[in-house]
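Remarks on the structure that follows.
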Amino acid sequence: MEMTDFSKPIRQSSKGIIIIFAFNTVKFFKKFFVILVASGVSILKSKSLGNITPTMLILGVLGILITILVIAILKYLNFKFHLSEDDFHLASGIINRDNTIIPKSKIQNVYIKQNFLQQIINVVSVKIETAGDKKSEIEISALDKPTALLLKEKLFSKNILENEIKEPVNERDVFFSVSPKRLLLEGLSQNHFKSFLLITTFVFGLYSEFESYLKELKLDKQIDDFVNQEESTILNLLITNAIIVINVVLISLLFSVIKTFIINFNLEVVEHQKTVEINKGLFNKVSLSLTPSRIQNLVVTTNRVKQYLGLHSLSVKQAMVDAKQQKNFNIVALEKEQLNYLIDKLLLNYTEDQGELAKPNRYYMRISALEILLFLIIANGLSIAAFGLVMLWINTVFVPLAVLYVYFAYKKAYYRISDDFVTIGSGVIDTTTNILQIHKIQSVKIKQTIFQKPKSIASLVISTASKSVTIPYISKQDAISIYNLLLYKVESQDRDWM
Amino acid sequence: MTFTNLQIDTESIPSIDDVVLKPISKAYLKIIALNKLMICTVLISAVFLGKYFIEKNEESLPINFWYVLAAVIVFCIVNLIVSFLAFKKRKYAIRAHDVIYAKGLIVHSIVTVPMSRIQHVEESRSWLARSFGLATLNIYTAGESGSDLSIRGLPYLEATQIKDIISAKVNGND
């Protein structure tokens, strides 16, 4: 392979024109979509608008496309970058020439991504992120893969010395790669309540939309007869409802499976000496690296079914990463041992049962009971208003669910505070474990409402650079002593948070 | 490397219970009062404006109007009382290693930000605050916006002093 010389200004791969062109076209049509459709429809209807005929419209669109193409070519020609000893230089812009210089030491992350189009024409895009505001990031949209990898390596070459991260260059130690079967299980065992609710509301909305249509078509009477027939016995009603519910469940299952596959296709965790790399995605391939020093929180999620199947998700919250990327730092379908190994790699000396396990006050149950009661009252009110008193039977389903909700919310809530870590467990259907390192705490907060004061109960909010976690409803005394302890540790250790 | 792992005596750790929190300047109460009065005026005039437009079109609905007005006025009075009472809860303290700020009547919170986690400090003054000789101290951390502190209603002199102390500490650590 020919090594690319980065010391002289170079352009990206000439395929970049296609990428820029496609990107700008999509952007343009997104912006003017409404106007275009409206004018297009009115032209087609009346065959002309003012003096514009369909042919002229097509010509107009062609003209716009050519303009975008010309802009894309100019952009490509003017987009040049090179590396000097300590900096990354980028010249861009057609009329306004921008010259961007980024010191290598200030580069926070380098991502390699590949969307669907880029996969087809076999190029990757390299995204360079710096600390600071979101506008300061740079994307080179078309490089062939070896060049991109080389560039990434070169960009980090200075950092390596500073952060003492030494990565073996050609060693690829694939620690974990997911099989389609496990992805399927992962998708199936997801918490379907959310998508269930979404689809239910969607179906209801659709039904009410159709109601007016049906009336218009004078079909409503037939439908009503049909429905009445069906509803003549309670058994029938139950069967119809059951069929609807099963359908909705099936749809939400399918939805989850497809989503899981698209996002996590070919998920691969590669282990380097100090860092961990994640590769995944079907249409949008991403390659990310995790640096232990930048990790702020770890969130482990699983649920009953997943636990049984040995599926755990690990979400890594890093500092200085924008919200869109944050979602991608998520590794699904891990076995328990793999999870523990990975956590051990990312957090030194962490073990699960470090520190004493403590639970929130029973007040927690009362609060969640109150919350769910409020929800029940509203739900009942709505259903009675919409369907009459018949719908009260639904409480036979809701009330046990509510009781289970309160029970599990309390059962799964706990916290542990050890020498270096805070672990907080929560969840109702999911079991969520939040882990954070004490020396990465940014601030601590005690919260107490006026109703909690007589009972001397308070909540503790612990913030790191990427997430705030709450230890809910513990006794004020405990809250204060944890507060003092955490602050003492942060302030006396003098360790860097990043 | 010699590794020591001394037991920490939780009793002897400095506690926030022992810290004497300082109330913010009394003058800030005036600013709160002015702000709240302004909101009330806006709300009440909005109600009257609404009445004017509805009457123009439909001529009736006066009963509803009085209910709405009463509700708005009650809301304003409660809001004013709560924010007056909450004023007493606004307190702060600067320790050698951290900054503490407490506030809130209905939801009382005490936030502490260690000095070593502060990214930068700034002191800002609105037009109103300037005329009362007050200032706001904004303390930024690298964390989520939730962990940033903003102490309002400090006497200007004190705000600058605190700012200098914190800046010196933050820069000294580097």
Checklist entry - Just for strands (runs of 3 or more DSSP E) wholly inside segment A:300-396: which have at least 1 residues that are surrounded by 17 or more Cβ atoms within 10 Å (Cβ to Cβ)? => result A:312-318, A:330-334
Item to check | Subset of segment A:322-340 [under 19 Å from A:THR302 (Cβ atoms) and touching a residue at least 12 places away in the same chain (Cβ under 8 Å)] | outcome: A:PHE329, A:ASN330, A:ILE331, A:VAL332, A:ALA333, A:LEU334, A:GLU335, A:LYS336, A:GLN338, A:LEU339, A:ASN340
Checklist outcome for this item: Inside segment A:451-498, the number of residues satisfying the requirement of being within 7 Å of chain B (Cβ to nearest Cβ) and part of a helix (DSSP H, G or I) is 9
Checklist entry - Which is at the interface with chain A (Cβ under 10 Å from one of its Cβ atoms) and more than 30 Å from A:VAL321 (Cβ to Cβ), of B:ALA159, B:ALA102? => result B:ALA102
Item to check | Filter result for A:LYS31 (out of contact with any Phe, Trp or Tyr (no Cβ under 9 Å at 6 or more places or on another chain), modelled with pLDDT under 75 and loosely packed, with under 12 Cβ neighbours inside 10 Å) | outcome: no
Next on the checklist: Please go through (1) within 14 Å of chain B (Cβ to nearest Cβ); (2) at pLDDT 90 or above for A:ALA369 and return the number of the only condition it doesn't satisfy.
Outcome noted: (1)
Item to check | Unmet criterion (only one of (1) in a helix (DSSP H, G or I); (2) within 13 Å of chain A (Cβ to nearest Cβ); (3) of a type outside the set (Lys, Arg); (4) free of Cβ contacts under 8 Å to residues at least 40 places away in the same chain) for B:SER109 | outcome: (1)
Next on the checklist: Quick check on A:TYR350: is it free of Cβ contacts under 8 Å to residues at least 40 places away in the same chain and of a type in the set (Ser, Thr, Tyr)?
Outcome noted: no
Checklist entry - Tally time: how many residues in segment A:258-278 are surrounded by fewer than 18 Cβ atoms within 10 Å (Cβ to Cβ) and either out of contact with any helix residue (DSSP H, G or I) (no Cβ under 8 Å at 6 or more places or on another chain) or acidic (Asp, Glu) (or both)? => result 5
Checklist outcome for this item: When B:PHE65 is run through (1) surrounded by 16 or more Cβ atoms within 10 Å (Cβ to Cβ); (2) over 27 Å from A:ASP494 (Cβ atoms); (3) of a type in the set (A, V, I, L, M, F, W, C); (4) not assigned by TED's automatic domain parsing to the domain that holds B:ALA33, the failure sits at (4)
Next on the checklist: Anything in segment A:287-310 that is in contact with a Lys or Arg (Cβ under 8 Å, 6 or more places away or on another chain) and at pLDDT below 85? List them, or say none.
Outcome noted: A:SER287, A:THR291, A:PRO292
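The values are calculated or read from the model by the stated rules, or taken from the named source; none is laboratory data. No experiment lies behind these values; they were computed from the predicted model shown. As a convention, Cβ positions derive from the backbone with ideal geometry for all residues, glycine included, and neighbour counts pool all protein chains shown.
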